[in-house]
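Everything on this sheet refers to the single structure shown next.
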Amino acid sequence: MNGLLVLPVAIPLITATLALLFRKSSQLQRWIGVLGMVALLGAVLVLFRDVHNDGIQVLQLGNWAAPFGITLVADMLAMLMLGISAIMGVIIGIYSIFDIDRERERFGYYPLLHILIMGVNGSFLTGDIFNLYVWFEVMLIASFTLLALGNSKNQLQGALKYVFINLFSSLIFLFGVALLYGMTGTLNMADLAVRLPQVENTGLVTTVAMIFLVSFGIKSAIFPLFFWLPASYHTPPVAISAIFGGLLTKVGVYALIRVFTLLFTDASVHNDYLHHILLWVGGFTMVIGVLGAASHMEFRKILSFHIVSQIGYMIMGLAFNTAMGLMGAIFYVLHNILAKSNLFLISGIAQRLLGTFELKKMGGLYKHYPFLAVLFLISAFALAGFPPLSGFWAKLSLVKAGLSLELYVITGVAILVGLLTLFSMTKIWLTAFWGTVPEEVPGHFGKLPLFGAGKLYILVIPVMIIAGMIILVGLNAQPFLELCMTAAEQLLDTSVYIEAVLGPQ
Amino acid sequence: MKSLILHTATRLMIGVLVLFSLFLFFRGHDEPGGGFIGGLVGAGAFTLYAIAFGTEATRKVLRIHPITLIAYGLLSLVVSGLIPMFMAEPFLTGKWLFIEWGAFDTKLSTPLLFDIGVYLCVVGFIVTVIFSLEEE
């Protein structure tokens, strides 16, 4: 029992409540927002120390013993995800101060942002499959409102697609949960992991596995279920785009990793095509995403398609189903959240300077804002997998895992997609940064300094922090890779998880 | 809406509805009822008032802004969850306080606090929705 385990959920809830109570004052809300995120980061770090030193931590909420009550479980994977979610929380908290207008603040932007983070953290921590559904709903409701907040026409268009497809996915998820409960009589994930291998009707177990693949696949935007993502993620303010693009789809990936390592393993699904399907899906997701990005000329749309493409890598790592593959997938998730969110944040600064997201109307950023160009270059090269940045190690471990399994085709595809990613990033670089200054630019272009009057530094500092982290992870990858390896080993040896929740078997 | 029947009936009904919602709320401790359903009936009372006398009048009757009501509700939920944590027990563990007055023994508990939070959230939420629909 570790009572602190509830803090990653409770702190955002408290912050949201306070922000709602003081909603009249924007100034107070901003401070509450940033402080709440910092407190969350602190709590996660304390928990991280516990998990790192003493192994998996468990909390039975309300003192109801597992498998009857709701259990919160923190293993290394959950902690890594919580850590990155708290870091992103702080970053977005700071970025929002300047990026979010008064109108949105008045209509509850900050409470919603914290509720969203609460949903994300809850999904990472929960050890109960129905509770996971509940956290997904919390996340969905908050994200729907965040997408639609502001009421512009294209925002509502994007939000509607988003909410319908996600509600549909939740419905499928619920079917899967019902079938699981019917088969085993339990919803606790550790208990399910014990009972699923004993189910005689293995066909039904495979069916449920596929239901979960479709449901979480929609949420994490895998091929062929990704179409809603590029249609909605470029519509809201940049701070929201960044947290959606960086964090939200990865919750789906986390859920996939969790269920396909804990519940639907070789022991419960008695056929080998499960991982083949994942492999194909991963490959197609990579290729289709990157091709979609190559064909677009809008800054955030390109980034949105790249989210899809990068998800493919993570699914591929999961499909390998080895410690190395899972380690690569987990590292990839962490690196990708940093790099992708940072690119979104940079697109926001570029838009503020040039007044548009259309690449054709952008240019001259390198000439007038060389520092911003450097920041972009770091994130873009990290995304494409250039050494020595974080993306290189992520791709290297995945490629190594693929080669050791002698899966040459998919490994080749992964490398090729990396090159195509570089192509898209070069496209942005050539037009927005190296291109000539367009004729119609806002009057302040070139005159407004990044640091100084105009307060642009509130936007630039978060970007600098993430860029610094990308370099740090890149140059000093070993400890981070080791943490991911610990997480992967815990995932593969399910008995540790089961014992932590249900006690010695 | 200008209707003498509705106005008179609403004046009579609103007290009964609020009382009934509180009855449902407290009954929910051991029998069907509770914060959610009580909150719905309570919100129903204010909705009826809003239809009969308009949203401005209802805001005056309600005194507190409905979104503030949601905030207080959330606060109550959070506090009920945190109380057991100060006694070194997991979040949301039910804690009880028995007070014996002789004739009316009282049971106070953190689940009650939780339910009050649910009640306030439901009333606040529904009234917010109704107000924004009425004012469109």
Kindly establish whether A:Gly402 is touching a residue at least 24 places away in the same chain (Cβ under 8 Å) and more than 19 Å from A:Met425 (Cβ to Cβ). yes
Would you be able to say whether some residue in segment B:63-82 is in contact (Cβ under 8 Å) with a residue 60 or more places away in the chain, closer than 19 Å to A:Arg23 by Cα and either more than 14 Å from every other protein chain (Cβ to nearest Cβ) or assigned to a helix (DSSP H, G or I) (or both)? yes
One residue is enough: does segment B:47-54 have a residue meeting the conditions crowded, with 18+ Cβ neighbours inside 10 Å, over 19 Å from A:Leu20 (Cα atoms) and within 14 Å of another protein chain (Cβ to nearest Cβ)? no
Output the helices (runs of 4 or more DSSP H) that fall wholly within segment A:110-211 and possess 3 or more residues being surrounded by 21 or more Cβ atoms within 10 Å (Cβ to Cβ) and modelled with pLDDT under 90, or say none. A:153-184
Looking at B:Phe91 and the list (1) touching a Phe, Trp or Tyr at 6+ places or on another chain (Cβ under 6 Å); (2) modelled with pLDDT under 90; (3) closer than 30 Å to A:Leu72 by Cα, which single condition is not satisfied? (1)
Log entry, pairs with first residue in segment B:84-103 being more than 15 Å from A:Leu4 (Cβ to Cβ) and more than 7 Å from chain A (Cβ to nearest Cβ), second being crowded, with 16+ Cβ neighbours inside 10 Å and hydrophobic (A, V, I, L, M, F, W, C), beta carbons closer than 6 Å, six or more apart or on different chains, reads B:Lys95/B:Ile83
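Conditions tested, residue by residue: (1) touching a residue at least 40 places away in the same chain (Cβ under 8 Å); (2) more than 8 Å from chain B (Cβ to nearest Cβ); (3) over 14 Å from A:Asn121 (Cα atoms); (4) of a type in the set (A, V, I, L, M, F, W, C).
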site: A:Met1; (1), (2), (3), (4): yes, no, yes, yes
site: A:Pro12; (1), (2), (3), (4): yes, yes, no, no
site: A:Leu21; (1), (2), (3), (4): no, no, yes, yes
site: A:Lys24; (1), (2), (3), (4): no, yes, yes, no
site: A:Gln27; (1), (2), (3), (4): no, yes, yes, no
site: A:Trp31; (1), (2), (3), (4): no, yes, yes, yes
site: A:Met37; (1), (2), (3), (4): yes, yes, no, yes
site: A:Leu40; (1), (2), (3), (4): yes, yes, no, yes
When you check B:Ala43 against the structure, is it outside any loop (DSSP other than H, G, I, E, B) and surrounded by 21 or more Cβ atoms within 10 Å (Cβ to Cβ), yes or no? yes
Is at least one residue of segment A:73-87 closer than 22 Å to B:Pro90 by Cβ and without any contact (Cβ under 8 Å) to a residue 24 or more places away in the chain? no
Quick check on this structure: which one of A:Ala350, A:Ala380 is within 24 Å of A:Lys400 (Cα to Cα) and either modelled with pLDDT under 95 or assigned to a helix (DSSP H, G or I) (or both)? A:Ala380
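Whether any residue in segment B:106-114 is in a strand (DSSP E or B), of a type in the set (S, T, N, Q) and more than 14 Å from chain A (Cβ to nearest Cβ) is what I want to check.
Within segment B:106-114, one or more residues are in a strand (DSSP E or B), of a type in the set (S, T, N, Q) and more than 14 Å from chain A (Cβ to nearest Cβ).
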Given the condition in contact (Cβ under 8 Å) with a residue 60 or more places away in the chain and assigned to a helix (DSSP H, G or I), answer yes or no: does some residue in segment A:433-442 qualify? yes
Can you say whether B:Thr58 is assigned to a helix (DSSP H, G or I), buried (at least 16 other Cβ atoms within 10 Å of the Cβ) and either at pLDDT below 90 or more than 10 Å from every other protein chain (Cβ to nearest Cβ) (or both), as far as the supplied structure shows? yes
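Given the residues A:Val6, A:Val58, A:Val46, which is the only one that is farther than 30 Å from A:Asp101 by Cβ, touching a strand residue (DSSP E or B) at 6+ places or on another chain (Cβ under 8 Å) and part of a helix (DSSP H, G or I)? Before you say what the answer is, go through the steps one by one.
Values: A:Val58 fails: part of a helix (DSSP H, G or I); A:Val46 fails: touching a strand residue (DSSP E or B) at 6+ places or on another chain (Cβ under 8 Å).
None of the others qualify; the one that does is A:Val6.
The values are calculated or read from the model by the stated rules, or taken from the named source; none is laboratory data. Keep in mind it's a predicted model, so treat the numbers as computed, not measured. Neighbour counts run over all protein chains shown; Cβ positions are idealised from the backbone, glycine included.
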